1. With axes computed from alpha carbons, what is the tilt in degrees of helix A:244-283 against the longest principal axis of chain A, rounded to the nearest 10 within 0 to 90?
2. Please report the relative contact order for chain A, taking Cα pairs under 8 Å with a sequence separation of at least 6, and give it as a percent rounded to a whole number.
3. Once amide H atoms are built 1.01 Å from N in the peptide plane, which residues 5 or more positions from B:Leu189, or in another chain, come under 5 Å H to H?
4. Using DSSP H assignments, which helices in chain B have an axial alpha-carbon span of 18 Å or above and a mean Kyte-Doolittle hydropathy of 0.5 or higher?
5. Measure nothing but the geometry: give the 0 to 90° angle between the long axis through the Cα atoms of A:159-174 and the longest principal axis through the Cα atoms of chain A, rounded to 10°.
6. Give the residues of segment B:14-32 whose amide nitrogen is closer than 18 Å to a point set 7 Å from the Cα of B:Glu140 in the direction of its Cβ.
7. Specify which residue in the list A:Phe81, A:Val136, A:Ser108 is farthest towards the positive end of the charge dipole of segment A:68-142, using unit charges on the beta carbon of Lys, Arg (+1) and Asp, Glu (-1), about the Cα centre.
8. Residue by residue through B:248-255, how many Cβ atoms from other chains fall within 10 Å of the Cβ on average?
Amino acid sequence: MPVDHKRINGPEETVPYSLFTKLNTKSLQQQFKEQVRDEKRSDNRLLLEHRKIFIKTGLVSQAKGSAYIEQGKTKVIVSVFDPREIPNRTDYSLKGEIYCEFKFATFSCTKRRLHQQDTEEKQYSALMKQALDSTVCRHEFPNFQVDIYAFVLHNDGSALSAAITAAGVALAHAGVPMYDLIVSATLGIQQNIKLLDPSVTEQWLCEMPVPLDGKVGNQGVIVMSMLQSHEQISQFYQVGNLSLEDITDSIKILENACKELIPLIQKHLVKHVLKTMKNKSEDK
Amino acid sequence: MALCEAEKTFVLHGVEENFRIDGREREDYRPMELETDIVSHAFGSARLRLANTDVLVAVKIEVDTPFPERPFEGKLEFFVDCSANATPDFEGRGGEGVAIEISNTLSAAYSSPNVFDLKKLCILKGKKCWKVYVDILLLECGGNLFDAVSLAVKAALWNTQVPLVKQIDIDGNNVEIKVSEELYDCRKLDVEKAPILVTVCKIGEHCIVDPNVAEEQCSVGSVVVAVSEDKFSTILQTGTGSLHMSTLVDCLQLGIKVAQRLDAALWDTLTLECYTCSTTEDESDTTCLDNPSGVVGGVTDCDKKYCIIVRVDYKDPRGKLASILRSCVDKPTYTNDVIEDETHRVYYRSCRTAKCNGGSGRSDSTSDDNGSLGDKSTIYCPGIGDGAVAVTVSFSILLFAYAFVRYVR
């Protein structure tokens, strides 16, 4: 998105009022206990349970392919545009390029986001590109570039993995040749508690060490994207402080989590194809 | 740099035979050269040369206001500058992608409080904190940027001197801080747990570390791991390929092993091993004088620049020992000098190589101070088999004793 310098971004020095509310005075331990109690989470999910997922394709009429995903309250729109020649490039590239842009809507988080991409969004764009680069058959469109835009309407955690899953669906909808369906999942880890598909509060609490029963220990967040039928990990990103055993366990959990998502997406794509065929036959 | 298929096959076969194109084994690093304290305007700096990769890191510190949501924390910011000198690919905005990738990975790696405690950079809750700018300049690209940058950053942060705050005046909403005027009255940052990044590259069936430019091109995918002690602080997949789960785990295992070895090698280079002991004429035990290596706990890994000897002799009887002190300091009172008064003769000796303060102190033999721009040293990270040297940090009380002597005098 071109930067609009004429737009007034509001005063720089504003802070969300929520910082001054009573909620904020609770200790981290209290906040964590509120989120996870007796193997149950605040929304009654089990620790390793996905939130409800809703997927719809073809929302954006201008784009070649598009997908909308709701993962709990997290809402992301991804649109894929027709291949075009790679801009500002003189030499011929044998493989096509993928261009990803990940953006949070200004109103999507508790703190207002700016219109310009910040470093977090740039990082997420790079991770999305990393995930999709090895998914798309890039040799099928040499010297061309496919643009993928992910726009987060509401961030309630796991926004990146929702965007990557949706991007896979949008690419399939656009008819871009792919090796496999790509799905992605996020895992939050706080000591021995692992939370699949964390909400924004859970994710925030997993990004820092929270003392539980007087101890601090390993914590972190992992985002993993997989090509399921090839058993390939196309993108892996971890932050925090985790030991090798934690990560090996997490990879297994995330693999199963990704497996669970596949039938949902397959079913949706089949539905979409049947609908298109029906529409075509009606047109005749 | 473009490789043809034949060249790629050659590299691949080399990796399979565990004999890479430059003669290294799969888990070997190329030789490195590290200099610290070379930018005089910066609070800390380091330059690392890893074969053809050259990185200069300078640390600047400024006073800032903490983020409202984290009133107890200071700030740490990384900025990578890819100059077009490094490689023609960086011309124009060509280096932007690499720069963002490196700086984001570094901030992610330093983000955990177990790795680097930002709370120590806080001056006054919610009002004032130190903001540490880590500026990374890539002078030359010879592959393996992540590893080189992370080593240089750790060395530069280790070298950083944070000014001591002497006084804070609060007048309503106005906060004024007064910084100590003594030049050497500084605090060092705690970087012992700072992460080391290791790029593990998969070529063919095997994983290698420290790929050069040619090897980077042959790689199907690589994993960058940031390791702090025995934990991962960040893992990131780079390159265009995807990996199988078991390969990923193999890469992580290799990464953590190499990172720990690299960290130990770096720490060994940064710290200076000095003899630390003392004795006086009243003590019967003269091991410190005659054979300092025989003193139990008499060797310390100092984070100072000089090993020193201060020896006090009587003039009458001539040459009778009054006391001897072996220690380490940042700035010796006298580099190499003999000071006399009516009754005593004091020998001051200082040097900058490991365990160089083992002499009698009378002769100038300890002095091999090259007195150049900074302390330059070469670190090598050997292949598997050579276990890393265990680092023991045991600060002796003698340091304080020495300081006391200095001030009393």
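Read the figures in this text as sums done on the coordinates, not as results from a lab. Here the structure is a predicted model, which means the values were calculated and not measured. Glycine also receives a Cβ, built like all others from the backbone with ideal geometry; neighbour counts cover every protein chain displayed.
1. Long axis of A:244-283 versus the principal axis of chain A: about 40 degrees.
2. Relative contact order for chain A comes out at 18 percent.
3. Residues meeting the amide H criterion: B:Thr160, B:Val162.
4. Values: long enough: B:96-109 (19 Å, 0.66); B:145-159 (21 Å, 1.15); B:245-270 (37 Å, 0.62).
In chain B, the long hydrophobic H runs are B:96-109, B:145-159, B:245-270.
5. 10
6. B:22, B:30-32
7. A:Ser108
8. Shielding by partners across B:248-255 averages 3.
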